[in-house]
Each structure stands twice: as structure tokens, then as C-alpha cells.
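Working notes, structure below.
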Amino acid sequence: MKECILLRLLNRNDLGAYQAQVERLRAWAGYGLFLSTLNALNYDALFDSRIHGPGHIERTLLHGAFCAMEEPLSLEDTRLLFLACCYHDVGRIDDSLDDLHGHRSAQQLHRLTGLTGEALKTVQAAVDAHSRSDNVLKKTVEGYHLADFSRGMVIAELLKDSDGLDRVRIWDLDPRFLRRSASKQRAAFAKELYLRYQNEAHLEIVPDFVQHWKHLDPNGNPLG
């Protein structure tokens, strides 16, 4: 089984200014579900990429845990968000801009998760919508004819925020485009998580990334 870099990083208990934030997550009722989802992650199904591959998925799952805690979501809705975080990019064929990779990913969710019925449709709607612009998010979710549309929209928006926070890896996180205020407040944490993850995994951090963040305030907003 592939070693989980994120779990190794969290177990070091040395996230500096963000350690208290992690301890709060550990005390959350859904933390056990986060760990079991992380341990059950099917790495073989993930897109093989340093941009949209395992590192991105592990970090997106952690951001999803914070989103679920802050909302807060029920444990069942948390489970669905976690599965969406895990497999939202399995339909990718390359790293380019691709509005339809979420739709292709959604078609694989039954096979990868075993979900059926309303639960499956809810996760499919979120995954399908995550790769499309916000102006068609509602229409995309509506297309799945969910019994609880509001529930589907919340999970879809939280997946978008969880995925969006890891845009730090491509130097393109603008917190103003995140949907929840709690997500916006975690922009600086997303940056620190990415830097520490790359260091833990012995992966390169592009110098432009570091230079970019020198021009942002602690919340990830442009200075000046």
C-alpha cells in the first residue's frame, strides 16, 4: 500500500502556528472518518500527475475535513464530501484546463465508492460541478434531480472550496473566489500545508511559488 505523505506530516505534530488548528480538527467528531477515508484511498485509481495526483488529493481531503467541521455537516454528508474529494479528478486525461473532467470522473464513482441511489447522485453532482465555472454550478447540480437540492449544492460548493484551496500549488489561489468565509480564512494554512507537504515528500517547490507568496498578506490577499 502506498505510504500516505499527509498522514506522516500530520503525525509529526509540528505544524507551527497551525498545530492548534490541526488539534481542533483531531477533536472533531468526524476526524475518525477522515482517517478511515484517507487510509482507504485507492491510489491506483488516481490520475498520475504531480499537479492533480496523490498529493493534491490528500490535501484536498484535508481541506474537505476542515470544511465539513466548520459548516458543520452531518457525518453522512461528511462521508459524501470526503468521497468527492478523493475521486474528483479520476476522469482527467491531462493537466490542462478541462471543464468536462468532472463529468468523466462522476461516471466512475459507483465503481470506486460502491455508492448507489441518492448518495451516488449527490456525489456525482458535486464532482461533475467542481470542474465547471460557478455560473453553471446550480444548473449542473439540478441536472442530477436530487431529492434534496440544497444538500447537493452545499456539498458541491464545499468540494469546490476544498479543491480551490489547493490552487496554491499552481500559484493561483485568490481567496475572494472561495465560497465560504471559513475557507477564505484558511488560505495561509493552504500555503503552509503545500510547502510542508512538498518538503515531506522530497518534491520540488518551484521558486516562482515562493516569490509569488511574498506579495500576499497572511490571508492570501494581494498586498498593496
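Some points to look at:
- For the chain, the solvent-accessible area works out to 47 Å² per residue, with a probe of 1.4 Å and every protein chain left in place.
- For region 141-210, the spherically averaged projection of the C-alpha convex hull amounts to 5.9 nm².
- Full extension of the chain segment joining ARG8 with ILE205 gains 69.0 nm, where the gain is 0.36 nm per residue of separation less the Cα-Cα distance.
- Pairwise centroid distance, computed over Cα atoms, of region 21-48 with region 94-138, Å: 20 Å
- Accessible surface of MET69 - all protein chains present, 1.4 Å probe, nearest 10 Å²: 20 Å²
- Option label - mean projected area of the Cα convex hull in nm² computed here, alternatives (i) 11.8; (ii) 12.5; (iii) 13.3: (i)
- For region 1-115, a Kirkwood radius taken over Cα pairs fed into Stokes-Einstein (10 °C, viscosity 1.306 mPa s) yields D = 107 µm²/s.
- Rolling a 1.4 Å probe over the protein heavy atoms leaves HIS101 with an accessible area of roughly 10 Å².
- Dipole magnitude of region 141-181, debye to nearest 20 (Cβ charges: Lys/Arg +1, Asp/Glu -1, about Cα centre): 120 debye
- When the C-alpha to C-alpha distance is required to be over 27 Å, the pairs from LYS2/LYS184; LYS160/LYS191; LYS2/LYS121 that qualify are LYS2/LYS184; LYS2/LYS121.
- Largest-first principal axis extents of the Cα set of region 82-203 (Å): 41, 29, 23
- Surface share of carbon and sulfur [accessible, 1.4 angstrom probe, percent] for region 15-64: 54 percent
- Percent breakdown of C-alpha pair distances by 10 Å bin, ordered from the shortest bin, for region 96-137: 31, 51, 18, 1
The values are calculated or read from the model by the stated rules, or taken from the named source; none is laboratory data. Worth saying up front: this structure is predicted, and the values here are computed from it rather than measured. In this analysis, Cβ positions are derived from the backbone assuming ideal geometry, glycine residues included, and neighbour counts consider all displayed protein chains. Please note that ligands, DNA and RNA were not included when accessible areas were found on the heavy atoms of the full protein model with its side chains. Shrake-Rupley method; radii C 1.70, N 1.55, O 1.52, S 1.80 Å.
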